[in-house]
Amino acid sequence: MSAQLRDTAGELAEILWREHAVYRERSGGVVIRGEHVRRWISLAPAGGQGEVLVRAGRILDGGTTAPARSEAVVPLSAGTGVLAATCRRLLAEAAADVAPFAPSRAAPGRSNRAGKAARTKGRGKHTGFGSWVILACVAGVIALYVYNSAMHG
């Protein structure tokens, strides 16, 4: 079963993602990691003969894996196409279940500044250069209107 599972996982990985890593778990299952999509699929022998337990989850920052978001049991005799369709469905469910990350504590070595969450890497509330150009143009048009109305009166 282990060799068949490994072969099936290799075929499945080629179908699902262009970039992937396939490795064996201690429990006898096989994991397919898609680092570029930040998702993983696990195939493990299920209770029934010829059945495989398919689990899907996310890859977190730093490369650690989050617990499985969804799972299904599929017969290996169904073929790689059915298995791939099941994996895509589970991956979609895992992507849809992503909740916003809200850390309960500050990262080690950092203070949590009066209980506020750490800022994301985005720009935040700062005004970008393009916004300043638009504001300057609007101010120029208003100034030109005021000047013309004062002169022609």
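The values are calculated or read from the model by the stated rules, or taken from the named source; none is laboratory data. All values reported here derive from a predicted model rather than from experimental measurement. FYI the Cβ positions are ideal-geometry reconstructions off the backbone, even for glycines, and counts take in every protein chain you see. Side chains included, ligands, DNA and RNA excluded: accessible areas come from the protein's heavy atoms. Shrake-Rupley method; radii C 1.70, N 1.55, O 1.52, S 1.80 Å.
What the table shows:
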quantity: Spin-label pair ILE142/THR127, simplified geometry with 7 Å Cα→Cβ offset, distance in nm; calculated: 1.0
quantity: Loop-located trypsin sites (Lys or Arg not before Pro) in the stretch 3-87, at most 14 other Cβ atoms within 10 Å (DSSP); calculated: ARG18, ARG26
quantity: Within the stretch 28-102, GluC sites (Glu not before Pro) in DSSP loop having at most 13 other beta-carbon neighbours inside 10 Å; calculated: GLU35
quantity: Per-residue SASA entry for SER27, accessible area with 1.4 Å probe, Å² rounded to 10; calculated: 100
quantity: 10 Å beta-carbon shell around ARG33, net charge (K/R +1, D/E -1); calculated: 0
quantity: Rounded to whole Hz, the Karplus (6.51, -1.76, 1.60) HN-Hα couplings of the stretch 23-33, x for glycine and proline; calculated: 8, 8, 8, 4, 6, x, x, 10, 10, 10, 10
quantity: Cα-based shape type of the stretch 1-44, given that a ≥ b ≥ c are square roots of the gyration tensor eigenvalues and the cut on a/c is 1.5; calculated: oblate
